[in-house]
1. Can you find a residue in segment 31-43 that is in contact (Cβ under 8 Å) with a residue 12 or more places away in the chain, surrounded by 12 or more Cβ atoms within 10 Å (Cβ to Cβ), at negative phi and of a type in the set (Lys, Arg)?
2. Scan Gly26, Gly40, Gly44, Gly103 and give me the residue that is within 17 Å of the chain's Cα centre (by Cα) and part of a strand (DSSP E or B).
3. Going by the structure shown, is Gly2 of a type in the set (Gly, Ala, Ser), under 18 Å from the mean Cα position of the chain (by Cα), farther than 28 Å from Arg131 by Cα and surrounded by fewer than 15 Cβ atoms within 10 Å (Cβ to Cβ)?
4. Just to be sure before I move on: is Gly4 closer than 23 Å to Ala165 by Cβ, touching a residue at least 12 places away in the same chain (Cβ under 8 Å) and not in a strand (DSSP E or B) in the structure I sent?
5. With (1) among the basic types (Lys, Arg); (2) in contact with an Asp or Glu (Cβ under 7 Å, 6 or more places away or on another chain); (3) over 20 Å from Phe114 (Cα atoms) as the list, and Lys28 as the residue in question, which single condition is left unmet?
6. Counting just the residues of segment 131-147 that are part of a helix (DSSP H, G or I) and over 24 Å from Glu53 (Cα atoms), which one comes out modelled with the highest pLDDT?
7. Which of the residues spanning segment 47-79 are surrounded by fewer than 23 Cβ atoms within 10 Å (Cβ to Cβ), part of a strand (DSSP E or B) and of a type outside the set (Lys, Arg)?
8. Taking segment 5-29 on its own, how many of its residues are under 29 Å from Met48 (Cα atoms) and surrounded by fewer than 10 Cβ atoms within 10 Å (Cβ to Cβ)?
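The values are calculated or read from the model by the stated rules, or taken from the named source; none is laboratory data. Keep in mind that what you see is a predicted model, and the values were worked out from it rather than measured. Using ideal geometry, Cβ is built from the backbone for each residue, glycine included, and neighbour counts are taken over all protein chains shown.
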Amino acid sequence: MGSGTEALSTRLPEESLSVLGPIGEGFKVHPERPRILAIGGGVGIPPMVFLAEELARSAGPWKPLVLMGSEVPFPFRSRPSRILVPGVPAAVIACLPLLDDLGVPVRLASRAEFPGCLKALSRSGRALAGRLSDAERAEVEVFACGPTPMLQAVARLARDQQVPAQVCLEEYMACAWAAALAAPWLSTARKAWR
């Protein structure tokens, strides 16, 4: 759909391309911590979607909650959620339909004040974590991907709440939704392909 796809479409059949990947390690979930708090911001949304899909389709004991934040319009059409999330204001109902349909509670956040969204992602995570009992907190693990300041806030939240956290650093890689593909990288790639 974008210029990267257009550049790839000009390649000839059986032409060789230099590809780097996969890079890094995937998330590792732990059954003793079934309450998964998955936080994705901007370019970090796709990894959280993939994690939530895997959890929803597995036979594990998982109880995920996904929070997604963006300062620009989301790359999908949101709708009101069919799933109640305790501790979230009733007016905050915007969700990603894909996950909602899989039974995964998800809420959207944005300082841009999109309808039905939380106002701040990191404050929302802190507010939700503060409502947990000690027994519930002992079952929580946090997973996050997004901008560095958001990851720093998530790390502080996990440390303050004494829960383990895993972060995915996708800052310099293009995600599967083309939300992270930067123009400078694309122009360099085009020169290399020619």
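1. yes
2. That would be Gly40, the only listed residue that is within 17 Å of the chain's Cα centre (by Cα) and part of a strand (DSSP E or B).
3. The answer is no for Gly2.
4. Details: closer than 23 Å to Ala165 by Cβ: no; touching a residue at least 12 places away in the same chain (Cβ under 8 Å): yes; not in a strand (DSSP E or B): yes.
The answer is no for Gly4.
5. Going through (1) among the basic types (Lys, Arg); (2) in contact with an Asp or Glu (Cβ under 7 Å, 6 or more places away or on another chain); (3) over 20 Å from Phe114 (Cα atoms) one by one, Lys28 breaks only (2).
6. Ala135
7. Leu65
8. Final tally of qualifying residues: 11.
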